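J.: The structure under discussion is supplied below as C-alpha cells; questions concerning it will follow.
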Amino acid sequence: MPVLQVSLSTRSYPISIEVDAIAAAAQTVADLQAGGRKIAVVSDQNVLSAHETRLRELFGADVPLLAIAPGESSKSLAEFGRIMDFLAEHRIDRTGALWAVGGGVIGDLAGFAAASWLRGIEFYQVPTTLLAMVDSSVGGKTGINITAGKNLVGAFHQPRAVFIGTRFLSSLPPREFAAGAAEIIKYGLLGDAALVARLEREPLTPTSADLGEVIRGCCAQKAAIVAADERELAKEGGRALLNLGHTFGHAIEQVAGYGTYLHGEAVAIGLNAATRLSHRLGLLDASEIGRVERLVEAHALPSRLREPLAVTELMAATARDKKVRAGVLRFVVMARIGEAITRDGIPTTLAEECFREVGAA
C-alpha cells in the first residue's frame, strides 16, 4: 500500500500501512543503529507478552525495553517519571530515538516523554490497536492525564515515522477493536459521508477485506487536517474537528474513573451526545439521531452510559476541557452527516440536556 505523508511546515514524515509493521520498520531501525544512535523502546505488558520475540529480533537483544501496565491509568505523572528514569539509566542522548510500541496510551505517554527528555528527542510509533492506528499515532499530540482532566499535560511532538501493521489486529480483544471503530465512525461523521454509508452497510471487523483501506482513509483525513492546523490554532474548524464527540467523551472518562470506559467507548457515547446537540442547534434532523445510534451499536459500542453519572460533575469536567477558550465552551457539531463544524458559546443548559439524553442524571 502506498506510503502516506504528513506534510508540515518544517518537515514531513511517512505513515507506512502494511500487514507486518515489524518488517516495515526493520530498515529504519538498522539505519539508526548503523549510525551509532541509541534506541530505547517503551511498550506495554500485553504487547510484550505476545510479541517480545519479534521485537527483540527487530531491535536486538541489547536494546533497553520498558514495559508499562496496560490501561488509561498508566497515562500518569508516575509512569512519565518511570520513563524519564529509564532514559537516564540507559544514557539516551540527544541523538537517541524512542520507539513507542503499543496502543494509544503508550503512544501518548512515550511521545510526551520523548518531547521532554533533553528537551526533545526523536520518536517512532508502532501502533498495535485499531484506535492508535487510525487516530492517536498520527498528528503529534502527546500527553498524560491528571486528576483535573484528560490530556491536560502534554506537548505537540511529531513522530519521525509511523509503522502500521494490520496483523496486530488479529489478536486484539473484541472490545479493543470496537473502541477503535468508534474513531473510524468519528472520521466518517466529521468528513466522509461515503465511509458512514460503508459502515452502515456492513460493520467493520478484523477480517474485513477493506480494513487496510479504511485505516488508510482515516489516516489520510487526519494527515490533511493536521497539515493545515498542526497546533489547533484555527479560530474555526481546523484540527479541533478531530474532537467530534470528545468533549463529551473526555468528561465521561474522567467522571466515571479512567478505565471504566475505554476511550473509544466514551467517544461513542460522546458522538451520540454530539448528534443530539447538533439537532438541538437546528443542524441535523431528528432522524439522524437514530442513524448514529444504530451505527454505534452495530459496532458493539455503547450509545448510552451504563450507569448514571452526575450532570454537575460532567459539566465541571467539560469546563476544564482543553478546547475551552476564555472560559467559553467549544463543541464540535455536525452541519450534516459527513461535515463537522465548531461552535463556541454553547449554552450549558443545552450541553446538560444532551448529557441527560445519553444517561446522565
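Here, each number is a calculation from the coordinates, and none is a lab measurement. Everything numeric here is computed off the predicted structure, so don't read it as measured data. Every residue, glycine among them, receives a Cβ derived from its backbone with ideal geometry; neighbour counts consider all protein chains shown.
J.: Can you tell me what the convex hull of the Cα atoms of the range 95-155 projects to on average, as an area in nm²? Mind dumping the intermediate values first?
T.: Values: hull surface 16.0 nm².
That works out to 4.0 nm².
J.: Roughly what angle does helix 348-357 make with the longest principal axis of the chain, taking Cα atoms, 0 to 90 degrees, to the nearest 10?
T.: 80
J.: Run through all the Cα pairs of the range 4-171 and give the fraction in each 10 Å bin from 0, expressed as whole percent.
T.: Computed distribution, short to long bins: 11, 44, 38, 7, 0.
J.: Compare 196, 328, 101 in a GNM of the chain, Cα atoms joined below 10 Å, and give the one with the largest fluctuation.
T.: 328
J.: In nm, what is the difference between 0.36 nm times the number of residues separating residue 118 and residue 77 and their Cα-Cα distance? Each step should come with its number before you reach the end.
T.: Details: separation 41, 0.36 × 41 = 14.76 nm, distance 1.73 nm.
Stretched out fully, the residue 118 to residue 77 stretch lengthens by 13.0 nm.
J.: As an exercise, use a Förster radius of 41 Å and the Cβ-Cβ distance of residue 348 and residue 69 to find the FRET efficiency, rounded to the nearest 0.05.
T.: Details: r = 37 Å, r/R0 = 0.89.
That pair, residue 348 with residue 69, gives E of 0.65.
J.: Report relative contact order for the range 172-319 in percent, whole number only (criteria: Cα-Cα under 8 Å, sequence separation at least 6). Write out the running numbers ahead of the final one.
T.: Details: 155 pairs, mean separation 40.8, N = 148.
Contact order relative to length: 28 percent.
J.: Please work out, to two decimal places, the log10 of the ratio I(q)/I(0) at q = 0.09, 0.10, 0.11 Å⁻¹ from a Debye calculation in which every Cα of the range 174-357 carries one identical scatterer.
T.: Computed log10 I(q)/I(0) values: -0.28, -0.35, -0.43.
J.: Which order do peptides 226-239, 132-145 fall in by mean Cβ count within 10 Å, highest first?
T.: Averaged packing, sorted descending, gives the order 132-145, 226-239.
J.: Now for a different question. Give me 117, 99 ranked fewest to most by other Cβ atoms within 10 Å of their Cβ, as a rough exposure proxy.
T.: Working: 117 21, 99 29.
By the 10 Å Cβ count, ascending, the order reads 117, 99.
J.: Here is the link list: 150/186; 141/235; 38/222; 75/222. Which ones come out longer than 27 Å on Cα distance?
T.: Working: 150/186 19 Å; 141/235 19 Å; 38/222 31 Å; 75/222 23 Å.
In this structure, 38/222 lie more than 27 Å apart at Cα.
J.: Looking at 156, 102, 301, which one has the Cα that reaches farthest to the positive end of the dipole of the chain (charges on Cβ: Lys, Arg +1; Asp, Glu -1)?
T.: 156
J.: Can you give me the long-range amide H partners of residue 123? Hydrogens built in the peptide plane at 1.01 Å from N, cutoff under 5 Å, separation of 5 or more residues or another chain.
T.: It is 98, 160, by chain and number.
J.: Take each of the peptides 341-352, 68-79, average the number of other beta-carbon atoms within 10 Å over its residues, and list them starting from the highest. Don't jump to the answer; show the numbers that get you there.
T.: Details: 341-352: 15.1, 68-79: 17.6.
Sorting 341-352, 68-79 by mean packing, highest first, produces 68-79, 341-352.
J.: For the range 130-141, take each phi angle, set θ = phi - 60°, evaluate the Karplus expression 6.51 cos²θ - 1.76 cosθ + 1.60, and give the result in whole Hz per residue in order, putting x for glycine and proline.
T.: After applying 6.51 cos²θ - 1.76 cosθ + 1.60, I find 4, 4, 5, 5, 8, 9, 6, 6, 10, x, x, 7 Hz.
J.: Among 8, 59, 224, flag the residue with its Cα farthest along the positive direction of the charge dipole of the chain, charges on Cβ as +1 for Lys/Arg and -1 for Asp/Glu.
T.: 8
J.: For a test of the definition: using alpha carbon positions, the gyration tensor, and the 1.5 limit on a/c, classify the range 231-314 as rounded, prolate or oblate. Write out the running numbers ahead of the final one.
T.: Numbers: a/c = 1.60, a/b = 1.11, b/c = 1.45.
Oblate shape, in that a/c is at least 1.5 and b/c is the bigger or equal ratio.
J.: If packing is taken as the average number of other Cβ atoms within 10 Å across a peptide's residues, how do 250-261, 279-290, 105-116 rank, most packed first? The partial results should precede the final answer.
T.: Values: 250-261: 20.9, 279-290: 14.3, 105-116: 26.2.
Listed from highest to lowest mean packing, they are 105-116, 250-261, 279-290.
J.: Rounded to the nearest 500, what is the chain's calculated 222 nm mean residue ellipticity when only DSSP H runs of at least 4 contribute -39500 (n - 2.57) each, over all residues?
T.: Numbers: 12 runs with 160 residues, N = 361.
One gets -14000 deg cm²/dmol as the mean residue ellipticity at 222 nm.
J.: Here's something else I'd like to know. Starting at the first residue of the range 289-298, write each ³J(HN,Hα) from the Karplus equation 6.51 cos²θ - 1.76 cosθ + 1.60 with θ = phi - 60°, in whole Hz, x for Gly and Pro.
T.: Rounded to whole hertz, the list is 4, x, 4, 5, 4, 5, 5, 4, 5, 5.
J.: Sort largest first and round to whole Å: the equivalent ellipsoid semi-axes of the chain, each the square root of five times a Cα gyration tensor eigenvalue.
T.: On the way: eigenvalues 224, 93, 69 Å².
The equivalent ellipsoid of the chain has semi-axes of 33, 22, 19 Å.
J.: Given 0.36 nm per residue, what is the gain on full extension from residue 160 to residue 88 after removing their alpha carbon distance, in nm?
T.: On the way: separation 72, 0.36 × 72 = 25.92 nm, distance 2.15 nm.
Residue separation times 0.36 nm, minus the Cα-Cα distance, leaves 23.8 nm.
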